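What follows is a single structure, written as structure tokens, with notes after it.
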Amino acid sequence: MLLLRSLLFNLAFYLNLIGLLIVGLPALLLRREVVFKLARVWAINSLWLLKAICGTHVEFRGVEHLPKGPFIVAAKHQSVWETFALIMLFDDFCYILKRELTFIPLFGWYIWKADQIAIDRTQGSSALAQAEEKARKIFAANRKLFIFPEGTRRPAGAPPKYKFGVAHIYDACGVACLPIALNSGLFWARRSWLRRPGTVIVDVLEPIAPGLEKQVFFELLQDRLETATNSLLDEAVAQDPSLKKIIQRNRQSA
């Protein structure tokens, strides 16, 4: 049953995405805000499909911590899930993403129209300098900047591998940072077609004020995110003990 539900969802998920990309083509000729509204429809539809077909729910906590003005959103990255689900929390935002995504037909056009930051990760420090320059423009426009501090998806429960880039941008741009913990990888694991039932919890933590020394900020961000994320994993296991095997496997293989 899990496999059948997962296959049905994946089919519906991608058909919905492709349909929206085609129907929404006129948005490419309109204001950027129209593309964000289309992205929100994608998020709403995807979350509904996940709930209806797979029994996977979502719970957003700590939304009262959302600050005003421009800031960094530093979220754990365990799955594709958060790339669309977190859209529900913000209206105008920008992701730092890998340049290869802009090469995807149709999808890449929307990335360009939404004014996202696409970087070539093979360029190292040069890519970071480009990201910093573009981040300044994003914040000047009163927008939010999404950064996944580990750079890529990490399995739920795997030892963290944070990159220092988030601290560099925090220090250079002088804005607050909003940490977001989650447990999406237990239900929508990377490189897997299975979509498990349960509740994905998103925990919006208290913002970290600007002005901290880079290393202090970097260590504080890791501590807050890892503590909150581990708590969410423990909570999920308490509801479904079978998830413990997934976490243990991820910790051993990562």
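The values are calculated or read from the model by the stated rules, or taken from the named source; none is laboratory data. Model, not experiment: these values are computed from the prediction. As a convention, Cβ positions derive from the backbone with ideal geometry for all residues, glycine included, and neighbour counts pool all protein chains shown.
Could you identify the single residue in Glu150, Glu206 that is under 18 Å from the mean Cα position of the chain (by Cα) and surrounded by 14 or more Cβ atoms within 10 Å (Cβ to Cβ)?
Step by step, each of Glu150, Glu206 is checked, and only Glu150 is under 18 Å from the mean Cα position of the chain (by Cα) and surrounded by 14 or more Cβ atoms within 10 Å (Cβ to Cβ).
Scan region 203-221 residue by residue and report those that are touching a Gly at 6+ places or on another chain (Cβ under 8 Å) and either assigned to a helix (DSSP H, G or I) or among the aliphatic types (A, V, I, L, M) (or both).
Val204, Leu205, listed by residue number.
Just checking, which of Arg191, Arg251 is at pLDDT below 95 and either touching a Leu at 6+ places or on another chain (Cβ under 9 Å) or closer than 18 Å to Pro160 by Cβ (or both)?
Being at pLDDT below 95 and either touching a Leu at 6+ places or on another chain (Cβ under 9 Å) or closer than 18 Å to Pro160 by Cβ (or both) holds for just one of Arg191, Arg251, which is Arg251.
Filter region 204-229 down to the residues that are acidic (Asp, Glu) and under 16 Å from Pro67 (Cβ atoms) and list them by number.
The one that is acidic (Asp, Glu) and under 16 Å from Pro67 (Cβ atoms): Glu206.
Select the strands (runs of 3 or more DSSP E) contained entirely in region 113-190, then report the ones holding at least 1 residues which are closer than 18 Å to Val204 by Cβ.
So the answer is 144-147, 176-182.
Counting only residues that are assigned to a helix (DSSP H, G or I) and acidic (Asp, Glu), which one in region 222-254 is nearest to Ala172 (Cα to Cα)?
The qualifying residue nearest to Ala172 (Cα to Cα) is Asp223.
Which one is surrounded by the fewest Cβ atoms within 10 Å (Cβ to Cβ) among residues in region 109-135 that are among the charged types (D, E, K, R) and over 28 Å from Leu25 (Cα atoms)?
Glu133
Please state which one of Leu225, Leu178, Leu194, Leu186 is under 18 Å from the mean Cα position of the chain (by Cα), under 16 Å from Val80 (Cα atoms) and not basic (Lys, Arg).
The match here is Leu186.
How about region 136-147: which of its residues are farther than 14 Å from Asp92 by Cα and crowded, with 19+ Cβ neighbours inside 10 Å?
Answer for region 136-147, where residues must be farther than 14 Å from Asp92 by Cα and crowded, with 19+ Cβ neighbours inside 10 Å: just Ile147.
Scan region 204-214 and give yes if some residue there is in contact with a Lys or Arg (Cβ under 7 Å, 6 or more places away or on another chain) and of a type in the set (D, E, K, R), otherwise no.
No: region 204-214 contains no residue that is in contact with a Lys or Arg (Cβ under 7 Å, 6 or more places away or on another chain) and of a type in the set (D, E, K, R).
Could you look through region 224-250, keep only residues that are of a type in the set (Gly, Ala, Ser) and farther than 13 Å from Arg196 by Cβ, and pick out the one that is surrounded by the most Cβ atoms within 10 Å (Cβ to Cβ)?
Ala228
If you take the residues of region 39-61 that are among the charged types (D, E, K, R) and in contact with a strand residue (DSSP E or B) (Cβ under 6 Å, 6 or more places away or on another chain), which of them is farthest from Trp109 (Cα to Cα)?
Checked region 39-61; the qualifying residue farthest from Trp109 (Cα to Cα) is Arg61.
I'm told Gly198 meets every condition in (1) surrounded by fewer than 23 Cβ atoms within 10 Å (Cβ to Cβ); (2) closer than 23 Å to Gly165 by Cα; (3) not basic (Lys, Arg) except one. Can you identify the failing condition by its number?
(2)
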